[in-house]
Amino acid sequence: MRNTRTLTRAVPAALAAIALTMTLAGCGGALSDTGKSDGAAPSGSPDDRKTFRLGESSPQQGGLKKDEGGATYTVTPTKVVTGTSEDVNKSGLDKSQLKGPRVPVHVWSTLTHTGGKPMRIGAMDGDLVIRTDRGDRTKALLVMWGDVTWPDCPEPDSEKKLAKGTSEKICTTFLITRGEKPTAVELEQGFHSEPLEWPVED
């Protein structure tokens, strides 16, 4: 299994224009569009469940760093769509920083703040991962300096804060190797716990 990490989010256009592609694994190809927006896991499901359907909420995720006031939250991936090489060409991304041909994978999720002080949407950056049919795992794209845009996948306001009980629908973009297919969305839970996963159906 290769390890490729493609860091997340577009940072304001004042820093130097490059696409960082530290990778937990890059890959790409198929299209899946499933699930309800704010679905919850079926009642009675065991808390230790690791696999969910798109549209099902994660268990509550534990307290974030001190600057987030120990906020807790749930994540509900709802839709996964794979783009094309042409999308990369039109995005404004500096392709000279990419290791080989890439295509974007867009993941729509609902982030819900469940407890603690108001949390920034960006506090969850880096927790979501796309796994491909070759076993590669890729983190979301981080672009420094320069506007990068994707069709129908607006970048969320990472600094926006959610109060307890409120939700925000966000779209996250990953770059995977052209020819590979996304097979699951994963949510990392630290070094000592296995990630949660939402399989992506063909």
Work through the residues other than D202 whose Cβ is under 11 Å from its Cβ and net out their charges, Lys, Arg +1 and Asp, Glu -1.
-1
For region 178-183, in order, what is each residue's ³J(HN,Hα) by Karplus, 6.51 cos²θ - 1.76 cosθ + 1.60 with θ = phi - 60°, in whole Hz (x at glycine and Pro)?
4, x, 8, 10, x, 10
Long-range alpha-carbon pairs in region 85-142, meaning those over 17 Å apart, account in percent for 54 percent
Enclosed volume per residue, in Å³, of the convex hull spanned by Cα atoms of region 140-202
178 Å³
With r defined as the distance between the Cβ atoms of D48 and S85 and R0 fixed at 35 Å, what FRET efficiency is calculated, to the nearest 0.05?
0.30
For R120 the rounded accessible area (nearest 10 Å², probe 1.4 Å, non-protein molecules ignored) is 50 Å²
Find how many whole Å separate the alpha carbon centroid of region 85-117 from the alpha carbon centroid of region 136-185.
5 Å
Holding the Cα-Cα limit at 31 Å, pick out from K90/K169; K79/K99; K117/K181; K90/K139; K161/K181; K90/K117 the pairs that are longer than that.
K117/K181; K161/K181; K90/K117
Report the relative contact order of region 122-202, percent, no decimals, based on alpha-carbon pairs under 8 angstrom and at least 6 residues apart.
36 percent
By accessible area with a 1.4 Å probe, ligands and nucleic acids excluded, highest first: order of H192, H113:
H192, H113
At each listed q (0.22 Å⁻¹), what is the log10 of I(q)/I(0) that the Debye formula gives for region 80-176 modelled as equal alpha-carbon point scatterers?
-1.18
Using a simple charge model, +1 on the beta-carbon of Lys and Arg, -1 on the beta-carbon of Asp and Glu, nothing else, what dipole does region 149-202 show about its Cα centre, in debye to the nearest 20?
240 debye
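The values are calculated or read from the model by the stated rules, or taken from the named source; none is laboratory data. The shown structure was predicted, so the numbers you read here are calculated from the model rather than taken from an experiment. Glycine also receives a Cβ, built like all others from the backbone with ideal geometry; neighbour counts cover every protein chain displayed. What goes into the accessible areas is simple: the full protein's heavy atoms, side chains included, and nothing from ligands, DNA or RNA. Shrake-Rupley method; radii C 1.70, N 1.55, O 1.52, S 1.80 Å.
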